[in-house]
Amino acid sequence: MVSSASSWDRISMVASPETGSGLSRDSLSAMIYNDLKSSLMSSAFEPGERLNIRRLAATFDTSPTPVREAVMQLVREGGLELRPGHELRVPILTVERYKKIREVRAPLERMATEMATPLITKETLSALGQINERFLNAENAGRWKEALSLNTKFHFTIYAASGNEILVAAIENLWLLVGPFLINQYPSDNHPHDRNHPHLHLLDALHRQDAHEAGEIVLQGLQKGSSLIIEKLQRNAAYPAAP
């Protein structure tokens, strides 16, 4: 398990030291919401981890009010939960619920990839190559949370190229629900070497504008990653499968 201190360090890197100046409360709340959502999607926080609004406010250098507004929006979306006694924490999913979310993610992410393939630009492909290089370096060095953050950026750069913001928003909401569990992919001996990584095959399919192959690679990657997650969750008594 990664210590909770690293989660706060991750947020500290995201938050700007100038957060409290020159922004309206609404825009400040939206910025904090986006930062926290991105962190949850890429496993910066762990399942069951408690969050403190005042500590978050100090991290973002602002008052508790915009932070409270941001976290309550995340509670409404299922990314956080408010327990009795006003305890705010990252939800713990059952394996059964995780599988249900995966069933919805798979066709949407395949669709977004296939839609993006004929529209993706050379500039975006170049950016994807750079993101992937940083991702592989982080993964090989065992910097799991950095790798997950870059993996999120890699995939959503592709999905955004579809031009369908409604589809992308739907996928984001699903990643928000499972993000804290993605860390369970690591460490693993099953991850491919750099030259055979699915990202490289996906980039090749995108360059060739083969939408079917690109969509299939994304689908296979999701299935393989989720099998690693489920295997670890089932071995971990803290995350039992639903009866």
Original post:
So which of Lys99/Lys122; Lys99/Lys145; Lys153/Lys224 end up more than 26 Å apart, counting from Cα to Cα?
Top reply: Lys99/Lys122
Original post:
Long-range amide H contacts for Leu88: which residues qualify at under 5 Å (H placed 1.01 Å from N, peptide plane, sequence gap of 5 or more or a different chain)?
Top reply: Leu51, Arg83
**OP:** Tabulate in residue order the Karplus-calculated ³J(HN,Hα) for the range 206-214, using 6.51 cos²θ - 1.76 cosθ + 1.60 with θ = phi - 60°, rounded to whole Hz; enter x for Gly and Pro.
**Re:** 5, 4, 7, 6, 9, 5, 4, 5, 4
Original post:
Exposure proxy check: Lys37, Lys153 ranked by fewest other beta carbons within 10 Å?
Top reply: Lys153, Lys37
**OP:** Evaluate E = 1/(1 + (r/R0)^6) for Ser63 and Ala141, where r is the Cβ-Cβ distance and R0 equals 35 Å; express this FRET efficiency to the nearest 0.05.
**Re:** 0.40
Original post:
Ordered by residue, what ³J(HN,Hα) values in Hz, to whole numbers, does the range 44-55 give under the Karplus form 6.51 cos²θ - 1.76 cosθ + 1.60, where θ = phi - 60° and Gly and Pro are x?
Top reply: 5, 10, 9, x, x, 5, 8, 10, 10, 4, 5, 5
**OP:** Would you please classify the overall shape of the range 95-235 from the alpha carbon gyration tensor, given that a ≥ b ≥ c denote the square roots of the eigenvalues, rounded means a/c under 1.5, and beyond that prolate means a/b larger than b/c while oblate covers the rest?
**Re:** oblate
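Taken together, the values in this text are just the output of simple stated rules run on the coordinates, not laboratory data. Keep in mind the model is a prediction, meaning the values are calculated, not measured. All Cβ positions, even for glycine, are placed from backbone atoms using ideal geometry, and neighbour counts span all protein chains on display.
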